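Any read-out appearing in this document is the output of simple, stated calculations on the displayed coordinates, not a laboratory observation. This is a predicted model, so every value here is computed, not measured. Because the Cβ atoms are built from the backbone with ideal geometry, glycine has one as well, and the counts that use them run over all protein chains shown.
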Amino acid sequence: MRKYQKWSSAASRNVRSAGQQILAALDQRQVQGFLKEGLHNLVVEIGRVVAAGLLQDEVEQLCGGRYVHGPEKRVARRHGGQRGWAMLAGQKVRLARPRVRHTDGDEAQLAVYRLLQNSDNLRGAVLRRILHGVSARNYEQVVEKIRGGFGVKRSSVSRHYVRVMADRIREFCERRWDGVRFVAIMIDGKSFAREMMIAVLGVTVTGEKHMLGLRQGASENSQVCKELLESLRERGVRTDVPTLFVLDGAKALRAAVESVWGRNALIQRCQVHKQRNVKEHLAKGYWPELSRRLGEAYGETDYDRALVLLKKAAVWLKGINPDAAASLREGMEETLTLVRLGVHANLRKTLASTNVIESAFSVVEQVTGRVKRWRPGDMRWRWCVAGLLHVEQRFRRVAGYRHIVALLAALERAVSQA
């Protein structure tokens, strides 16, 4: 070991020892006071950032978007800025004050700026709640509490959210996919307050995942699904090339896919949905054996061997519940499409189910779990688009993406031989 490594290790031990001695010498209340002071400063800084955002939002409401020319005549215009301040947690904090003038020359008074100079901002219980929540990952809750501390009405924030989400929904629905080759497309739906939201996710030849579209309907009916897929075609998604579709057992989805993609569509039935459907016919005591049998079949690399294992599982199920056996036999071969194509196990694990979409919808459910009243209109759209786009930012390439080239070749062969 080198000398500097020995010294570094010894120094680290000395620092830890000194730190422990200092903490032992301090009163516990003093330690808590130091920690609170650090969080206090952090909360003040967060409050300053949120305050600046609220000011800019009010300026945009008065003057419109910067460098955006609309047909209506503006009643106010931006007029630079100056040094300003706000009261946060009982102390003055520097805050740049934007200036706005009416077209008649008089300076406009910003309502948010007056509220920010209120000495009661972020005091007492509000500050304590922020201190307890500042370490959470969901910083939106912290911002919401700061908003309350500033005295900004919830309704104004909600209206701003609706405006922002209206723009995001429009951008989401109009995204173009010209020149992007999707090798696989997954379709799945989720019910929100008795309304079905159907989402489409595409996997590119480089393994990247993108949310392609969304539709709202009473159920996964064929007409809604067909309109959704036709909208994708209009936005540049190619329907003239072999494409793998990962679907649950809904016949409406299959009919819609075949009507738009025709013979270029190869169907992979979601293995998770299939197992879930069969389990609904069985008592829980049979579930472990069912999972073992289906797992063995779906893990096979030889198609004929996998099909034999599934047929044996169906025979076993017939002795327990004939309806469970019939559920397994329905679309049995399509649950093995990836095995028949010879897709690598790593890539097959991702493309054999619609779990990616279900995971995305689970994020939306976490956010909407507290919604007490679902209103008609685009409320479900706003929440779903916000959640799905948030998840899309964290998407990674699918596992086994290096084997997509082989999948493309297998799709071409399968379509040409059909």
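What order do you get for MET197, MET186 when you list them from fewest to most C-beta neighbours inside 10 Å?
Least to most surrounded, the residues fall as MET197, MET186.
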Which net charge results when you count Lys and Arg as +1 and Asp and Glu as -1 among the other residues whose beta-carbon is under 13 Å from that of ARG101?
-> +1
The answer for ALA76, listing residues at least 5 apart or on another chain whose modeled amide H is closer than 5 Å to its amide H, is THR103
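Please compute the volume of the convex hull spanned by the alpha-carbon atoms of region 171-417 and report it per residue in Å³. Numbers along the way, then the final one.
Working: hull volume 32.7 nm³, N = 247.
So the per-residue hull volume is 132 Å³.
Using unit Cβ charges (K, R positive; D, E negative) and no other charged atoms, how large, in debye to the nearest 20, is the dipole of region 320-418 about its Cα centre? Don't jump to the answer; show the numbers that get you there.
Numbers: 15 positive and 9 negative charges, 116 e Å.
Approximately 560 debye in magnitude.
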FRET efficiency for GLN216 and ALA111 from the Cβ-Cβ distance with R0 = 51 Å, rounded to 0.05, comes out at 0.90
Using θ = phi - 60° and the Karplus form 6.51 cos²θ - 1.76 cosθ + 1.60, what ³J(HN,Hα) does each residue of region 253-263 get, whole Hz, x for Gly and Pro?
-> 5, 4, 4, 5, 4, 5, 6, 9, 8, x, 6
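How big is the charge dipole of region 171-417 about its Cα centre, in debye rounded to the nearest 20, if each Lys and Arg gets +1 on its Cβ and each Asp and Glu gets -1 on its Cβ?
I would put it at about 540 debye.
Using 27 Å as the Cα-Cα cut-off, could you pick out the over-long pairs in LYS190/LYS349; LYS279/LYS349; LYS226/LYS311; LYS190/LYS284; LYS209/LYS312? Don't skip to the end; give the middle numbers.
Details: LYS190/LYS349 22 Å; LYS279/LYS349 21 Å; LYS226/LYS311 33 Å; LYS190/LYS284 25 Å; LYS209/LYS312 36 Å.
Flagged as over cut-off: LYS226/LYS311; LYS209/LYS312.
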Over 22 Å, how big is the tail of the calculated P(r) for region 274-418, in percent of all Cα pairs?
-> 56
Restricted to region 174-299, the DSSP antiparallel beta bridge percent, nearest 5, is 70
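Rank these for me by crowding, VAL391, VAL343, going from fewest to most other beta carbons within 10 Å.
Values: VAL391 20, VAL343 25.
Fewest to most other Cβ atoms nearby, the residues stand as VAL391, VAL343.
Order of 314-323, 171-180, 265-274 by packing, highest average Cβ count within 10 Å first? Each step should come with its number before you reach the end.
On the way: 314-323: 14.7, 171-180: 12.6, 265-274: 21.4.
In decreasing order of mean packing, 314-323, 171-180, 265-274 become 265-274, 314-323, 171-180.
Taking neighbour counts of Cβ atoms within 10 Å as a proxy for exposure, in what order, fewest first, do ILE187, ILE357 appear? Show your work: numbers first, answer last.
Numbers: ILE187 27, ILE357 24.
Starting with the residue having the fewest Cβ neighbours, the order is ILE357, ILE187.
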On full extension of the chain, what length is gained from LEU389 through LYS311, given 0.36 nm per residue of separation minus the C-alpha to C-alpha distance?
-> 24.0 nm
